[in-house]
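The values are calculated or read from the model by the stated rules, or taken from the named source; none is laboratory data. Keep in mind the model is a prediction, meaning the values are calculated, not measured. Ideal geometry is used to build each Cβ from the backbone, glycine not excepted, and the neighbour counts take in all protein chains shown.
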Amino acid sequence: MPESGSRTDAELLARSAEGDDSAFAEFVVRHRAAVYRFVGLLLHDRQLAEEILQDTFVQAWRHASSARVELGASAWLLTIARNAAARRWRQVAAAPTVSLTTLGSEAGFADPAANPVAFAQLLESRAIVHEALAALPPADREVLVLRELEQRSGDEVAEVLGLSLEAMKSRLHRARLRLVAELRRRLPTGEEA
């Protein structure tokens with residue numbers, strides 16, 4: 001959201017549609033970090049993330065006159081970025097269907113040998129968390145990045161992903177379980193989480 005006294009996203013896009021390059025530049029500066037962070041974490045490829053970032057803002061420029069962003073442009077931009085990334089993935093595969101019981105077991109729930117201290121220490125390593133995140137299917141990464149890292153609301157995440165709120169919550173739950181299971185796999189031998 002814009003700071004007090006500054007122009008809203010809707011105003012910036014309306015001015016951009018009228019040919020005001022400085023308004024679009026302000027719009028890009030306002031949103032580029034979040035869009036880049038999102039696609040960077042989805043793709044784990046800096047060059048491709050930069051291409052998607054550029055594609056996203058080219059599309060935003062082209063559709064500035066028809067954008068519905070009265071409450072802010074974040075969801076709209078992240079949807080554009082997600083769609084651009086999906087076109088590039090080509091190898092996107094749906095996560096295998098696994099029961100919640102199996103996912104919970106892989107995540108270590110109800111495991112008497114669990115070591116929460118070792119797990120907490122593991123979480124302190126940003127590199128390990130990013131490595132575990134990168135090992136997840138793209139659908140799991142995108143919901144986790146939007147909800148947990150970008151701290152978007154449930155409604156906004158559902159909108160970006162084109163899901164109902166209930167479907168988004170289900171995907172998020174499964175993604176969290178898969179992430180915990182990936183993190184457990186990275187624990188040093190003999191330190192069960």
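Being modelled with pLDDT under 90, among the aliphatic types (A, V, I, L, M) and in a helix (DSSP H, G or I) is not true of Ala60.
Listed by first and then second residue, the pairs linking a residue in segment 52-75 that is without any contact (Cβ under 8 Å) to a residue 60 or more places away in the chain to a residue that is exposed (fewer than 13 other Cβ atoms within 10 Å of the Cβ) and not acidic (Asp, Glu), with Cβ atoms under 9 Å apart and 6 or more places separating them unless they lie on different chains, are Asp55/Arg87; Leu71/Met1. For segment 65-76, the candidate set comprises residues that are touching an Asp or Glu at 6+ places or on another chain (Cβ under 9 Å) and farther than 22 Å from Arg141 by Cβ; within that set, the residue that is surrounded by the most Cβ atoms within 10 Å (Cβ to Cβ) is Ala73. If you go through segment 178-186 one residue at a time, do you hit one that is more than 20 Å from Asp45 (Cβ to Cβ) and surrounded by fewer than 18 Cβ atoms within 10 Å (Cβ to Cβ)? Yes: segment 178-186 contains one or more residues that are more than 20 Å from Asp45 (Cβ to Cβ) and surrounded by fewer than 18 Cβ atoms within 10 Å (Cβ to Cβ).
May I ask you to verify whether Gly19 is more than 16 Å from Asn83 (Cβ to Cβ) and not in a helix (DSSP H, G or I)? Yes: the conditions hold for Gly19. Answer yes or no as to whether Leu172 is part of a helix (DSSP H, G or I) and buried (at least 18 other Cβ atoms within 10 Å of the Cβ). So Leu172 passes the test. Within segment 144-164, residues that are under 16 Å from His31 (Cβ atoms) and not assigned by TED's automatic domain parsing to the domain that holds Val39 reach no partner that is among the hydrophobic types (A, V, I, L, M, F, W, C) and in a loop (DSSP other than H, G, I, E, B) with beta carbons closer than 9 Å at six or more positions or on different chains. Of the residues making up segment 9-56, just one is surrounded by fewer than 16 Cβ atoms within 10 Å (Cβ to Cβ) and among the hydroxyl-bearing types (Ser, Thr, Tyr), namely Ser22.
Would you say Ala33 is modelled with pLDDT under 90, part of a helix (DSSP H, G or I) and under 22 Å from the mean Cα position of the chain (by Cα)?
On the way: modelled with pLDDT under 90: no; part of a helix (DSSP H, G or I): yes; under 22 Å from the mean Cα position of the chain (by Cα): yes.
In short, no.
Scan segment 69-88 and give yes if some residue there is over 21 Å from Arg30 (Cβ atoms), modelled with pLDDT of 65 or more and among the basic types (Lys, Arg), otherwise no. I'd like the intermediate steps shown before the answer.
Step one: of segment 69-88, the residues over 21 Å from Arg30 (Cβ atoms) are 86-88.
Of the ones still in play, those that are also modelled with pLDDT of 65 or more are 86-88.
From what's left, among the basic types (Lys, Arg): 87-88.
Yes, segment 69-88 has at least one match.
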